1. When only C-alpha pairs under 8 Å and at least 6 residues apart count, what is the relative contact order of segment A:267-377, in percent?
2. From the helices alone, meaning DSSP H stretches of at least four residues, give me the mean residue ellipticity at 222 nm for chain A, per-run term -39500 (n - 2.57), in deg cm²/dmol to the nearest 500.
3. Test of understanding: ordering A:715, A:547, A:366, A:606 by Cβ neighbours within 10 Å, fewest first, what list do you get?
4. Sort A:297, A:490 so that the residue with the fewest other Cβ atoms within 10 Å of its own Cβ comes first and the one with the most comes last.
5. How many times 2.2 N^0.38 Å is the alpha carbon radius of gyration of segment A:312-362?
6. With an 8 Å Cα cut-off and a minimum separation of 6 or more residues, compute the relative contact order for segment A:330-385 in percent.
7. Taking the Cβ-Cβ separation of residue A:575 and residue A:387 as r and a Förster radius of 56 Å, what is the calculated FRET efficiency to the nearest 0.05?
8. Between residue A:26 and residue A:361, take the C-beta separation as r, use R0 = 51 Å, and let me know the FRET efficiency to the nearest 0.05.
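FYI, it's all coordinate maths here, none of it is from the lab. Computed from a predicted model, the values in this text were never measured in an experiment. FYI the Cβ positions are ideal-geometry reconstructions off the backbone, even for glycines, and counts take in every protein chain you see.
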DNA sequence: CAGGTCCGCCAC
DNA sequence: AAACGTGGCGGACCTG
């Protein structure tokens, strides 16, 4: 030990022709903002946290390598003083440090680390870089440290031979370690520190320019840091799969599928590709399914449609659509082949989920932030498991555990109401929610022209409520009448005419929730005026009619045609270009206007795009109308859920899945779950409520062995929450 | 044959 | 002129 402390472990690294001297850390107090990087053994699998081998730190002035055994001391010295910690990819470094501190029983340091995250003092340059690029152009690529440094610092961090060999440090006295290991590690910490300096400066400017809050870190960085840690923990926790159940489900499905293959073969033999030598149906080796000849299938379907004088749906490329969901499913009775094809397609889709679940434990991976502010999931994507099908029920609680499933009630209506209230100072939807009414029932009662009390007694209330959901969901999302008709039919089985949809849209946005009319109104004029650096009134003088701007949009997209495909008159097009040129006061655009540059990447393409922000302070730059309408309430809900995830994780709950507004948590088996349910419910509601001030937030939950949509809260006579069991299991 | 693109469908 | 947005993934087909 003693020999480690002398100065022989030291050196100099170069970044961008600047030299940085580094030493072995010996207890010095660093500045109030330190970058930290951990080097570990190789990452073997998603369950295990790799072992800590070396730490490097930098406060921009001084740079050190730190032995793992001094991690606790390092954190205690700094974090108790309110120091900020910077990492690049906190989802990696946090669990490494946390695991090390846990194993070494360093409770105090561990507590300081968690508290620092909780108090928004832990940062992540990767997440910050993503948030900045989202604000700039709605791009959500996660940059590596190397590419972020290259882009923002102009520094090239070359990957070298040491990167993957840090396990060698475990059994070697540091005085004998090749200095290259230290050089490599120190560079990363220094680079991270300077990267953070540049990124926070950029983020701060963006926040100022858009006038958004930095209460949750610049561009909600703190929320994303918390989410990243929580999501990583979910991946490591993993989920148990009931392989027997999976097998049985699969066997059922297989027999159904092979019957269908037979039947289709007899009616339409060339739908299946044939192995010429053997004459057998060709099988896709990976899936075990017969190979489909889409050309043949399309011509069969088209033939049937023509015989019945049915206009077929076409794909974007003009091919006959094969979609069962949006087209053929509605014409099943026309011909046995259509029915068989729909059956087959549904069954094979279901079958496709089995591959990813075919392990006794699965460890789905999560991405912390996508464009809307939500997460994504892969390998397998547990966020897209069919909700109503028995396939979800192969996910089970681990031995000795039960699943606690909790999801928010109508959360996006709450965030929408909050947003309207924030923007316009009033919201009828908010009033409904504050009074504790069910917004779907309320809307349904309004449409039926009866009071909520009368509605509750109505015999058709269930169906009417379903009906109302179509509008409560679709209209805020910006659906037009025609989309609403399709949506109602497809998702809710509700028949609606275009006229009916128009009437309902008008009613909801004018009478029931008048704030929605303002919320959904589009101010194309002022977006364009901002880009051209002119007053909206000037534009209005030239282009008084809404369709003028519609034409302009088409023209600058290089697509000067009406919806029916007829081109605009050339004189009209020429006139609009001239008018645009004489109106424009933005020097950066004039040349593009003169040359009529409508190529992809031309700044003219972005003339009608604007930025949108959430109440939490995240920005999406360069978005169009519908995105800008969706983001404020969808993104706000996502942030609330992310904070709840962190608070659940911090409270020690074993979260095993996160499905946007739903958590699956494993709890130890118990006689009843009343108290723990109340605690989890409280954490979820309180986490969200700070984002929707004054609006109550409620959740629904259940305890069950198998993941199922059907599960619901069950109570005994004493009002205690019990485990739910599936009716068909008894 | 690998890789890219299009299409379709699952979730929220 | 009308507008739902995200994301992951599997299968067919095309391309070099």
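1. Values: 87 pairs, mean separation 14.3, N = 111.
Here the relative contact order equals 13 percent.
2. Working: 26 runs with 334 residues, N = 730.
Result for chain A, helices only: -14500 deg cm²/dmol.
3. Lowest count first: A:547, A:715, A:606, A:366.
4. Working: A:297 19, A:490 13.
Lowest count first: A:490, A:297.
5. Details: Rg = 14.6 Å, N = 51, 2.2 N^0.38 = 9.8 Å.
My calculation over the Cα atoms of segment A:312-362 gives 1.49.
6. Numbers: 38 pairs, mean separation 12.5, N = 56.
Here the relative contact order equals 22 percent.
7. In this case the efficiency is close to 0.60.
8. Details: r = 43 Å, r/R0 = 0.85.
Plugging the Cβ-Cβ distance into 1/(1 + (r/R0)^6) gives 0.70.
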